[in-house]
Amino acid sequence: MNSKERVQAALERKPVDRVPVFMWFHPSTTRRLAKLLEIPAAEVGAAMGNDVRMTWVNNNYAMEGVVHEHQGESHVDEWGIHWVKEGEYNQIVEFPLAHADADAIRTYTFPTGDMDRLVARMDPLAEYADDFFIGVDVSPCVFEMYNRLRGMGAALLDLAAQPDLAFEMMRRCTDFAVTLSKKSCSRYPVDWLWTGDDVAGQQTLFMSPACWRELIKPHLERVFEVGKRRGLPVAYHCCGALRPIIGDLVEMGLDVLNPVQCNCPGMDPLELKKEFGKTLTFMGGVDTQELLPHGTADDVRRATARLLEGMTADGGGYILAASHTVPPETPDENLFAMYAEAGISKEEIFDRAAQIRRHLMKSM
């Protein structure tokens, strides 16, 4: 099976040669693996066996796609959000609507003139469409985008004190995500529409489920509909304890849930599989807080084997991934133990890295 066939079969609960993989690595982990495998950092995912190729066309590119070399380096994105590299990641230091009044918020201009350039970030993926499962990431879609414009505290306060204003602005955030989705799905051979809207913390949702259903759900549903109308699987990313709204997401037509942050209340992957496995595919669930960084290789093997057995009990419906980026303190032997349980040997990984080196040498 090639990667495209493998992911598609897993989504359809059909037999696969091995579980599909879509692993995300902390930047420090990526650099370490790149050195170990003697390949560029950008090729680490491919060497490690990722079956999905995907990029950001919405504001997540500003957070994750713009890579600064030095601490304190910064950029202002198309939305007017000011980002600074702090540690390994870009962090927001200036929200363009943080101190704006209601009139200024309503007259804020989204970067619609940049739409085609944003969507064109999918161009490099087109050459992989025959062999890999291709995704377009249009996150953040609704509340999380408003949060980046307004700031978390002000955005949450608006939900309670100015719900009409918040609803209108989240509608506009959604309009932007919907247009990006339509353009991307029309122009490229997309295999799934990847959405995202972080609305939960480690213990609970940021707002009540009732508030989410009234002010956020109708908007997010419009993004889902873009994929559903094209017959594409819709994936949704939300960190944290989102258990109270998973039923709503299923009702909206969700196909793939990520990252299944297993240490949060209500997010045990095997329990979620029992309850929602007939309709949902899960991607994630490998513990990055204790198991991968602090367990032994045997611990990792046993936990991964148990996870794979439980999450594929119906013949599929699972994509192996961690519950967050693989942290830098994860020992190499733990990482290779997890992959070995998924049917990807250390030797296969190094062989694939060697193929990547040869390919890069030929193209020079």
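Remarks
- Only a single criterion out of (1) in contact with a His (Cβ under 7 Å, 6 or more places away or on another chain); (2) touching a residue at least 60 places away in the same chain (Cβ under 8 Å); (3) surrounded by fewer than 20 Cβ atoms within 10 Å (Cβ to Cβ); (4) not acidic (D, E) is not satisfied by T179, namely (1).
- Number of the condition not met by F110 [criteria: (1) of a type outside the set (K, R); (2) outside the structural domain of M170 (by TED's automatic domain parsing); (3) under 23 Å from D137 (Cα atoms)]: (2)
- Residues within region 52-74 that are within 24 Å of T195 (Cα to Cα) and of a type outside the set (F, W, Y), tallied: 14
- Under the condition of being closer than 17 Å to P111 by Cα, of a type in the set (V, I, T) and surrounded by 15 or more Cβ atoms within 10 Å (Cβ to Cβ), the residues counted in region 63-90 number 1.
- Out of G285, G295, one residue alone is at positive phi and small (G, A, S). It is G285.
- Criterion applied to M23, M63 was being within 22 Å of M122 (Cβ to Cβ) and in a loop (DSSP other than H, G, I, E, B), and the one residue passing it is M23.
The values are calculated or read from the model by the stated rules, or taken from the named source; none is laboratory data. These figures come from a predicted structure and were not determined experimentally. For neighbour counting, all protein chains shown are included, and Cβ atoms are generated from backbone atoms with ideal geometry for every residue, glycine included.
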